[in-house]
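Chemist: Starting off with a structure, shown below.
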Amino acid sequence: MNIYKADLHTHTLLSPCGDLDMTPNYIIELALQRGIDIIGITDHNTTRHCKLADQYSHNRDIFVLCGAEVTTKEEAHCLAFFENFEILNEFQFFLDQHLPNVPNSPDFFGDQVQIDEEMNIIYEEPRLLTSALDVNIEIIAAKVKSLNGIFIPAHIDKLKYSVISQLGFIPFDIDYDAVEISEHGNKEEIIKQQPYLFNRTFIRSSDAHFPDKIGTATCYFEMETRSFNEISKALHHEDGRAVHLEIEKK
């Protein structure tokens, strides 16, 4: 098995709170410089920069996990990842259907622009991407799973915009592959407060909105190679694969 360093939660400039320097190319470049082997692209309620980020990873020693950070009706943030662009496009259609028609105010919230390889703006999202979808966490989780995706409640240690902060617990009837904690989140303390998470996989990610945050919080995937299927297996500790918050330094 190989060990791969991962940061599965980063935002491009398409997210209104994402710095304008957070172009897909720059994210990939910085991740490589910081020894990241797997990077997750997770803009708020949109997947539109995933394909470009993936293009920049070609012939470079990094794997892009494509997805989004979804805001549920309860205003809980969750990560969703998918295996290919056909499925990703289907999930984008779902997001477009359920994102409310709240207009973005770029001067207040920030720009929401999609760019191409030449840095040209090819699309500007008119609706505020940080709005909560009009469907609850159960429906979103079920949709992700119907597309054979990976579903991970995000930064569950945070005091706002996490499933636990919004609901007090993670609903027992949703199907999720892991839980995410932030840079200073303490797994043992969380399990004391939420004992049902004892046997769950934890990941740690940066939730980077600015270049200096990329790779500041990571976890480690133990698996044969970098692929969606291998990552899914590692999250479930199948066939000798595993996820670690830390690794022993030799």
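Chemist: Whole Å is fine, so just give me how far the alpha carbon centre of segment 152-167 lies from that of segment 77-149.
Modeler: 19
Chemist: State, to one decimal in nm, how far the label point of H58 lies from the label point of N120, with both points 7 Å from Cα in the Cβ direction.
Modeler: 1.8
Chemist: Using θ = phi - 60° and the Karplus form 6.51 cos²θ - 1.76 cosθ + 1.60, what ³J(HN,Hα) does each residue of segment 150-157 get, whole Hz, x for Gly and Pro?
Modeler: Coupling constants for segment 150-157: 9, 10, 9, x, 8, 5, 5, 7 Hz.
Chemist: Simple spin-label model, 7 Å along Cα-to-Cβ: I247 to D212 in nm?
Modeler: Those two pseudo-labels are separated by 2.8 nm.
Chemist: If you don't mind, another one. How big is segment 155-228 on each of its three principal axes, counting only the C-alpha atoms and giving the largest first in Å?
Modeler: Principal axes ranked by extent give 31, 31, 21 Å for the Cα atoms.
Chemist: If each residue's Cβ is checked for other Cβ atoms within 10 Å, how do L88, L129 rank with the fewest at the top? Could the numbers behind the result be given before it?
Modeler: Details: L88 23, L129 26.
So the residues, fewest neighbours to most, are L88, L129.
Chemist: Could you tally the net charge around Y56, taking each other residue with its Cβ under 14 Å from the Cβ of Y56, Lys/Arg +1 and Asp/Glu -1? Please report the intermediate quantities before stating the final value.
Modeler: Details: positive: K51, R60; negative: E29, D54, D61, D116, E117, E118.
That sum, taken over residues with Cβ under 14 Å, equals -4.
Chemist: Another one. Enumerate the residues in segment 50-79 having an amide nitrogen under 18 Å from the point lying 7 Å beyond the Cα of Q166 toward its Cβ.
Modeler: Zone members listed by number: 68-79.
Chemist: So, one more: Please report R241, R127 as a ranked list, fewest other C-beta atoms within 10 angstrom at the top and most at the bottom. Can you show the working numbers first?
Modeler: Values: R241 19, R127 15.
Listing R241, R127 from fewest to most nearby Cβ atoms yields R127, R241.
Chemist: Pairs of alpha-carbon atoms within less than 8 angstrom and 6+ residues apart define the contacts here; what relative contact order does the chain have, in percent?
Modeler: Numbers: 564 pairs, mean separation 57.2, N = 250.
Taking the mean separation of contacting Cα pairs over the length of the chain, I get 23 percent.
Chemist: Find how much the distance from D173 to M1 grows on full extension, using 0.36 nm per residue of separation minus their present alpha carbon separation; answer in nm with one decimal. Display every interim value, and only then the final one.
Modeler: Values: separation 172, 0.36 × 172 = 61.92 nm, distance 3.30 nm.
Computed gain between D173 and M1 is 58.6 nm.
Chemist: Once you charge only the Cβ atoms, +1 for Lys and Arg and -1 for Asp and Glu, what is the size of the charge dipole of segment 137-250 about its Cα centre, to the nearest 20 debye? Intermediate values should be presented prior to the final figure.
Modeler: Details: 14 positive and 18 negative charges, 32 e Å.
Around 160 debye, computed over segment 137-250.
Chemist: Let me ask something else about it. Return the calculated 222 nm mean residue ellipticity for the chain, to the nearest 500 deg cm²/dmol, obtained by summing -39500 (n - 2.57) across DSSP H runs with n ≥ 4 and dividing by the residue count.
Modeler: Details: 8 runs with 66 residues, N = 250.
Calculated mean residue ellipticity at 222 nm is -7000 deg cm²/dmol.
Chemist: Rounded if a/c is under 1.5, else prolate if a/b beats b/c, else oblate: with a ≥ b ≥ c from the C-alpha gyration tensor eigenvalues square-rooted, which is segment 78-207?
Modeler: Working: a/c = 1.91, a/b = 1.62, b/c = 1.18.
Note, shape of segment 78-207 comes out prolate.
Chemist: So between E86 and K51, what do we pick up on full extension, going 0.36 nm a residue minus the alpha carbon distance? Walk me through the intermediate numbers first.
Modeler: Details: separation 35, 0.36 × 35 = 12.60 nm, distance 1.08 nm.
Taking 0.36 nm per residue and subtracting the Cα distance, the gain is 11.5 nm.
Chemist: Want the number for S146 to L159: 0.36 nm per residue separation, take away the alpha-carbon distance, what's left?
Modeler: Numbers: separation 13, 0.36 × 13 = 4.68 nm, distance 2.98 nm.
That works out to 1.7 nm of additional length.
Chemist: For all pairs of alpha-carbon atoms in the chain, what percent lies in each bin of width 5 Å, listed from the first bin to the last filled one?
Modeler: With a bin width of 5 Å, the distribution comes to 1, 7, 14, 19, 21, 18, 12, 6, 2, 0, 0.
Chemist: Also, quick follow-up: Sort by residue number and report every cysteine in the chain with no other cysteine beta carbon within a distance under 4.7 Å.
Modeler: C17, C78, C219
Chemist: Farthest toward the dipole's positive end in the chain, which of A178, G67, I140, given Cβ charges of +1 (Lys, Arg) and -1 (Asp, Glu) about the Cα centre?
Modeler: A178
Chemist: If you don't mind, another one. How big is the charge dipole of the chain about its Cα centre, in debye rounded to the nearest 20, if each Lys and Arg gets +1 on its Cβ and each Asp and Glu gets -1 on its Cβ?
Modeler: Values: 21 positive and 41 negative charges, 124 e Å.
That gives the chain a dipole magnitude of about 600 debye.
Since every read-out is calculated from the coordinates, none of them should be taken as a lab result. Note that the coordinates shown come from a computational prediction; the quantities given were computed from them, not determined experimentally. Every residue, glycine as well, gets a Cβ built from its backbone with ideal geometry; the counts of neighbours run over all protein chains shown.
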